[in-house]
1. Do the conditions hold for LYS67, that is, is it buried (at least 17 other Cβ atoms within 10 Å of the Cβ), farther than 24 Å from THR231 by Cβ and at pLDDT 95 or above?
2. Considering every residue within the range 125-134, establish whether at least one is buried (at least 18 other Cβ atoms within 10 Å of the Cβ) and touching a helix residue (DSSP H, G or I) at 6+ places or on another chain (Cβ under 6 Å).
3. Take the residues in the range 157-176 that are open to solvent by 20 Å² or more (accessible area, probe 1.4 Å) and hydrophobic (A, V, I, L, M, F, W, C), then tell me which one is nearest to the chain's Cα centre (by Cα).
4. Any idea which of (1) over 23 Å from TYR176 (Cβ atoms); (2) open to solvent by less than 10 Å² (accessible area, probe 1.4 Å) is the one VAL73 doesn't satisfy?
5. Quick one: is ILE21 part of a loop (DSSP other than H, G, I, E, B), of a type in the set (Val, Ile, Thr) and at pLDDT 95 or above?
6. What residue, among those in the range 85-124 that are in contact with a Lys or Arg (Cβ under 7 Å, 6 or more places away or on another chain) and part of a helix (DSSP H, G or I), is surrounded by the fewest Cβ atoms within 10 Å (Cβ to Cβ)?
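The values are calculated or read from the model by the stated rules, or taken from the named source; none is laboratory data. Because the structure is predicted, anything quoted here is derived from the model rather than measured. Cβ: placed from backbone, ideal geometry, glycine included. Neighbour counts: every protein chain shown. When the accessible area is computed, the model is the full protein with side chains, heavy atoms only, and any ligands, DNA or RNA have been set aside. Shrake-Rupley method; radii C 1.70, N 1.55, O 1.52, S 1.80 Å.
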Amino acid sequence: MILSGKCAIVTGASRPIGKAIAKKFVEEGAIVYLISRDADRIALIAQELDPNDEGKAIAMPCDITSKTSIEEVFEHIAAADLVVDILVNATDLAIEKPLEQLELEDWTRNIKTNLTGAFLLSQKCFAGMKEAGAGKIINVASLISDNVKPGIAAYVAAKGGLVMLSRSIAAEWGKYNIQANTIVNADIDLPMSKEKAMDTDPMKLTDKSSLAEDIADVALFLASDKANDITGKEIPVDEGFLTSLIKE
């Protein structure tokens, strides 16, 4: 098991991508803290992933936009005599409104949930990773981090910022053997994607929709020692969408 003895945090664990990543990590030997505001949902998922209650999957309700709430999670981890080796920021929130109708509250909520939370958690993980001499930070962004879709300006800005956060972490913390990368996914968690985008021709090169399990496989690779020389990169899991843009 390639993550044996590792401790991981996975945010957005109540959603398909986060759950799939947490499941993959547990199967590969990690102790995984499932982070979400949805306490009931992650409690059920933790039970599903760790049916014998062996401490492999721990549900931790948390508002990742709150430093106080994050602090409570890390106090629990420290009490278990653990240090976070792997952080996966897979939280996802999109509010659909034309830019001219977007309220400041909507903008702020998107930025705080999709970007600020990842920043706060990364900062909180830093000391332990630095002391350990190793760490992995994996951010889950979106195809539209680099390819704008009208109507979700705050989401596009936040996910684009998340890509740059990964690069900044890689540049500043690489000297401590901390790697940071971004998985660029095909938005399978977004209601707007399933209800609207999939009704149009997305110019995909594969004949199946992007699976959370595919993203989880990439996350597992990036979290492992096999990816120690990969940092500051974006890895698309997009069914060939970006390649299809240059097809004749």
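1. For LYS67, the condition - buried (at least 17 other Cβ atoms within 10 Å of the Cβ), farther than 24 Å from THR231 by Cβ and at pLDDT 95 or above - is not met.
2. So far as the range 125-134 goes, no, none of its residues is buried (at least 18 other Cβ atoms within 10 Å of the Cβ) and touching a helix residue (DSSP H, G or I) at 6+ places or on another chain (Cβ under 6 Å).
3. Among them, the one singled out is LEU165.
4. Just one mismatch for VAL73, condition (1).
5. The answer is no for ILE21.
6. Top of the filtered list is ASP106.
The rows are residues; the columns are (1) open to solvent by less than 30 Å² (accessible area, probe 1.4 Å); (2) modelled with pLDDT under 75; (3) in a loop (DSSP other than H, G, I, E, B).
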{"position": "GLN179", "(1), (2), (3)": "yes, no, no"}
{"position": "ASP189", "(1), (2), (3)": "yes, yes, yes"}
{"position": "MET192", "(1), (2), (3)": "yes, yes, no"}
{"position": "ASP207", "(1), (2), (3)": "no, yes, yes"}
{"position": "PHE221", "(1), (2), (3)": "no, no, no"}
{"position": "LYS226", "(1), (2), (3)": "no, no, no"}
{"position": "ILE230", "(1), (2), (3)": "no, no, yes"}
{"position": "LEU242", "(1), (2), (3)": "no, yes, no"}
{"position": "GLU248", "(1), (2), (3)": "no, yes, yes"}
